[in-house]
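These notes are about the structure you will find just below.
The values are calculated or read from the model by the stated rules, or taken from the named source; none is laboratory data. The structure displayed is predicted, hence computed values, not measured ones. Cβ placement follows ideal geometry from the backbone for every residue including glycine, while neighbour counts extend to all protein chains displayed.
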Amino acid sequence: MVCANWKDKRGRRVFPSHVVLDVKGVTVAVFGVMVPMVTAAMATQAASNYLWDMPVPVAVEMAAALRKSSDLVIALTHIGFSSDKKLAEATTDIDLILGGHSHTVLDKPEVVNGTPICQGGSHARFVGRYVIEVGKGLKKAELLPWR
């Protein structure tokens, strides 16, 4: 589990913000963001032990930091398709967005600002299989029925 925008009230992340993997000599950074459940501006924050930062600005910052030392940067998002598009518009540091929350089924990735956005719906109906190459982008994308 990775989530860069969920913290406790002391400012400590609940989960790691990202993971960096070596995949056959390719450095792959994967980070996550989710919808803000409780923000510092909400009255309900008084009853919560946790706060969420707005996901798009956090994702842009994470992508820029990870881009410096990674061949591929992948965003795992749970912010909805419209916010995924806003994220792609805000940065070119992400190679692939794997998104959720809006239950959108994208048979083919939607490319925004050069970044492919992939979503596989909801309730484990599909599994996405994606092939991406450094410097060449997304080469193959397909949704497969889970059951």
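Please enumerate the residues belonging to the stretch 129-143 that are in contact with a strand residue (DSSP E or B) (Cβ under 8 Å, 6 or more places away or on another chain) and not acidic (Asp, Glu).
Taking the stretch 129-143 as the starting set, the residues that turn out to be in contact with a strand residue (DSSP E or B) (Cβ under 8 Å, 6 or more places away or on another chain) are 129-134, 137-143.
Matches in the stretch 129-143: 129, 130, 131, 132, 134, 137, 138, 139, 140, 141, 143.
Residues of the stretch 100-140 that are farther than 21 Å from residue 59 by Cβ and small (Gly, Ala, Ser): 121, 122, 124, 135. Is it the case that residue 86 is farther than 18 Å from residue 29 by Cβ, assigned to a helix (DSSP H, G or I), in contact (Cβ under 8 Å) with a residue 12 or more places away in the chain and not small (Gly, Ala, Ser)? Yes; evaluated as a whole, the condition is true for this residue. Considering only the stretch 62-116, how many residues are closer than 15 Å to residue 19 by Cα, small (Gly, Ala, Ser) and more than 14 Å from the chain's Cα centre (by Cα)? Adding up the residues that qualify gives 3.
Within the stretch 10-40, track down each residue that is over 13 Å from the mean Cα position of the chain (by Cα) and assigned to a strand (DSSP E or B). I'd like the intermediate steps shown before the answer.
At the first step, the residues of the stretch 10-40 found to be over 13 Å from the mean Cα position of the chain (by Cα) are 10-16, 20-28, 36-40.
Correct list: 13, 20, 21, 22, 23, 26, 27, 28.
A search for C-beta distances below 6 Å between a residue of the stretch 16-27 that is within 20 Å of residue 1 (Cβ to Cβ) and any residue that is of a type in the set (Asp, Glu) and modelled with pLDDT of 95 or more, counting only pairs 6+ apart in sequence or on different chains, returns nothing. Looking at this structure, is residue 69 loosely packed, with under 14 Cβ neighbours inside 10 Å and either modelled with pLDDT of 95 or more or not hydrophobic (A, V, I, L, M, F, W, C) (or both)? In short, yes.
When the stretch 71-83 is filtered for residues that are free of Cβ contacts under 8 Å to residues at least 60 places away in the same chain and of a type outside the set (A, V, I, L, M), the ones remaining, listed by number, are 77, 78, 80, 81, 82, 83. The residue that is surrounded by the most Cβ atoms within 10 Å (Cβ to Cβ), counting only those in the stretch 92-147 that are outside any strand (DSSP E or B) and in contact (Cβ under 8 Å) with a residue 60 or more places away in the chain, is 101.
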